[in-house]
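Here, each number is a calculation from the coordinates, and none is a lab measurement. No experiment lies behind these values; they were computed from the predicted model shown. Don't worry about glycine lacking a Cβ; one is built from the backbone with ideal geometry, like all the others, and counts go over all protein chains shown.
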Amino acid sequence: MTAPKVRFTFWKAVFLVIMAAGVYATWVRFRHGLGASTNLSDQFPWGLWIGFDVMCGVMLAAGGFTLTAAVEILNIKRWHSILRPTILTAFLGYVLVCAALMYDLGLPWNIWHPLAMRNPHSVMFEVAWCVMLYTTVLALEFSPIVLERLGWKWALRAVRRLMIVFVILGVILSTLHQSSLGTLYMIMPNKLHAFWYSPLLPVFFYISSMAVGLAMIIFESSMSSKYFHRELELPILRDIGRVLYIVLVIYAMLKFEDFYHRGVLAQIFQSSYEQRFFLLEIFLSVILPLVLLSFRKIRNSAHGLYLAAVICLLGFVTNRLNVTITGVENAVGGRYSPKWTEVVITAMFVALGFAIFAVAAHHFPIFPEGKAHKPTLRKRANVRALIPEMLHAEN
Amino acid sequence: MSFGILYDASMCIGCKQCEQACASENGLPYDNAIGDQNYTSAYKYTTVLTKADKFMRRLCMNCEDPACASVCPVGALKKTALGPVTYDKHKCMGCRYCMAACPFSVPKYEWGKAIPGVRKCIMCASRVASGKPTACAEICPTGATKFGDREELLKEARKRVQDNPGTYLHHIYGEMEVGGTSVLLLSSLDFQQFGYREDLTERALPMYTYQVLSRIPDFVPIFGVLLGGVYWITHRREDVAEAEAQEKHAEEKGGVQ
């Protein structure tokens, strides 16, 4: 979002303010420890940094495996042009998740320990390995873009030849750890509220990660078209919107079946603290996007797709926060809300994600040839125009 | 042989000597103010709760199949053969999954420290290893906290419940909870009143995750072959179509000639 050109824009100012606050919060975190920098407690060992930075971070980066599977394995050629920005988004997502984890770990310099100390019965052990390997795979999937730039033909040929191996590995690793983030909670049958604790929790995490991956593709393409003044790949986004619709329908049906078989359906209509958060989640993640995408006019328009995708993203972010925070609050007897330092650090990583994407898109051939971006054409980002357009999309 | 602790609330007089002995054994400060704290923390591993004239201890249950040890990605928490569940700070990376997973919310964190660790009762692992009882059991003046072989303690607990049906609830807390715990509790007052959950499953919690994790070794090769197969089919189809088009093209050319 920040143009590398030295020009003062609104978003650059926002970015600098967030970064300054983030640097200060970083100092508080590492100088004074987790107690001084977070609202975490013995009751709430996990808060915003696990709930958003890790849980949502990994989920929001799921577009990488979803799209590589579609393009490279299912051989859907017409989606090829959006592959690179999607892989970049995913790679950035995982790097930022790893960086954010350094803040949350009590002893971050021991982060390499799962490499040397094994406990195969631990879901966290499996997630640690998968995330580490998949970040490597994403780096390899992204490497042709760097190698092209460097002109290392030999290495480029080797990577291209092995690409299908990386892609298959990436899909397997993603399937494992996207679902395992749900499996983390399987050991808490007496802690997590019945709205979220289910034997199908890993399946829900996996399917929702695909939905989020697709929604992120729409979100990222829309943003890129806006801020890099690129032609929007509308036909592709329409396809993606249709697939998103199908994934959401499958998710909704499974969710209903699960609630029915566990006898939780009635609780949806009983007023409770959890019920309000659950309704918010389910409206945003499933119901509203499905309703929006049911209208041909919306699902065929750029703004309509953008709106549905953003609502869907917000919904599944709510879902992950509900699992990590809302769902355990009553069991541990208390309420958690993040401290300002926690919010600032999280905001810093989100801002870094946008900024690094913008810089990378400027320096590497991320977008397809022919429609190659011309830095000279870059104009000042007009954010305020976005909001009324989003509202119009509904009509 | 696996050791355990039997705490019998009906014999407890609430003198809190166990708290004090625990503190000095673990090198923790102890004074009247800390004695008044009715919760455990990174600086107090056990506490004696009071409800009217009834008492109840809280301490790590040292589960037979502990959730904390099962979830620890680096194996910092371990169930030893002698009974105690121990912790190794040198291995720990501070993910705090043990705290999230523990059904009794036992592990506590040193939130105030820049180099923090997990803290909990480890059933005096080094004392037990050298054949001594836990500090709390040794000091207990009434025998309310008793140390010994878990099986023997369980038999004794059953006998006490059977012989004095009026004194105790018909429930030995820790016999079945989450697959059994090394610490066993007897009480006349509902355990729930002291924060012990009565709705815990009798299944060992690690089994919940193991039933998912154990499928991975099968899943990886099968899914890999499946993806490879789909890749082969989708690309083969393309090759065939291309070859056919070329053939047709050649035929048409041939037909004209």
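Near residue A:174: Cβ cut-off under 15 Å, other residues only, Lys/Arg at +1 and Asp/Glu at -1. The net charge is -3.
Determine Rg/Rh for segment A:242-304; Rg is computed over alpha-carbon atoms and Rh is the Kirkwood hydrodynamic estimate from the same atoms.
On the way: Rg = 13.8 Å, Rh = 13.0 Å.
Rg divided by Rh gives 1.06.
Counting 0.36 nm for each residue step from residue B:138 to residue B:164 and taking away their Cα separation leaves a gain of 6.8 nm. Here the Karplus curve 6.51 cos²θ - 1.76 cosθ + 1.60, taken at θ = phi - 60°, turns the phi angles of segment A:87-94 into couplings of 5, 4, 4, 5, 4, 4, x, 5 Hz, with x standing for Gly and Pro.
For residue A:139 and residue B:215, the FRET efficiency from 1/(1 + (r/R0)^6), where r spans their Cβ atoms and R0 equals 25 Å, is about 0.30. The convex hull around the C-alpha trace of segment B:3-206, projected and averaged over every direction, spans 11.0 square nanometres.
A simple count of charges around residue B:156, restricted to other residues whose Cβ falls under 11 Å of its Cβ and scoring Lys, Arg +1 and Asp, Glu -1, yields +1.
Taking 15 Å as the straight-line reach from the Cα of residue B:146, the aspartates and glutamates in range (excluding those fewer than 8 positions away in the same chain) are B:8, B:19, B:138, B:156. With the simple model of a label 7 Å out from the Cα in the direction of the Cβ, residue A:115 to residue A:16 spans 3.8 nm. Here is the short version for chain B: B:12, B:15, B:22, B:63, B:72, B:92, B:95, B:102, B:124, B:140 have no other Cys C-beta closer than 4.7 Å.
Using the Cβ of residue B:107 as centre and a radius below 9 Å, the other residues enclosed give a net charge of +3, where K and R count +1 and D and E count -1.
Applying the Karplus relation 6.51 cos²θ - 1.76 cosθ + 1.60 with θ = phi - 60° to segment A:358-368 yields 3J(HN,Hα) values of 4, 5, 5, 5, 6, 9, 10, x, 7, 8, x Hz, where x marks Gly and Pro.
With a cut-off of 8 Å between alpha carbons and a minimum separation of six or more residues, what is the relative contact order of chain A in percent? Don't skip to the answer; put the middle values down first.
Details: 489 pairs, mean separation 106.9, N = 395.
Taking the mean separation of contacting Cα pairs over the length of chain A, I get 27 percent.
Across all Cα pairs in chain A, the calculated P(r) in 10 Å bins from zero up to the longest distance comes to 5, 22, 32, 28, 12, 2, 0 percent per bin. Across segment B:23-30, computed HN-Hα scalar couplings (Karplus, 6.51 cos²θ - 1.76 cosθ + 1.60, θ = phi - 60°) run 4, 6, 4, 9, x, 10, x, 8 Hz from first to last residue, x flagging Gly and Pro. Legend: mean number of C-beta atoms from other chains within 10 angstrom of residue C-beta atoms, peptide A:69-77, equals 4.
Using 1/(1 + (r/R0)^6) with R0 = 41 angstrom and r between the beta carbons of residue B:247 and residue B:223, what's the FRET efficiency to the nearest 0.05?
On the way: r = 36 Å, r/R0 = 0.88.
Rounded to the nearest 0.05, the efficiency is 0.70.
Using a Gaussian network model of chain A in which every pair of alpha carbons under 10 angstrom is joined by a spring, one finds that among A:47, A:182, A:151 the greatest mean-square fluctuation is at A:151. Ellipsoid semi-axes for segment B:215-256, based on the Cα gyration tensor and the rule √(5λ), read 40, 4, 4 Å when sorted largest first.
Between amide H atoms placed 1.01 Å from N, distances below 5 Å from residue B:5 occur with B:183, B:184, all of them 5 or more places distant or on a separate chain.
Once the Cβ-Cβ distance between residue B:193 and residue A:80 is put in as r, and R0 is 51 Å, what FRET efficiency do you end up with, to the nearest 0.05?
Numbers: r = 65 Å, r/R0 = 1.27.
According to the calculation, E is roughly 0.20.
Close Lys pairs in segment A:10-392, defined as Cα atoms under 18 Å apart and 8 or more places apart or on different chains, number 7.
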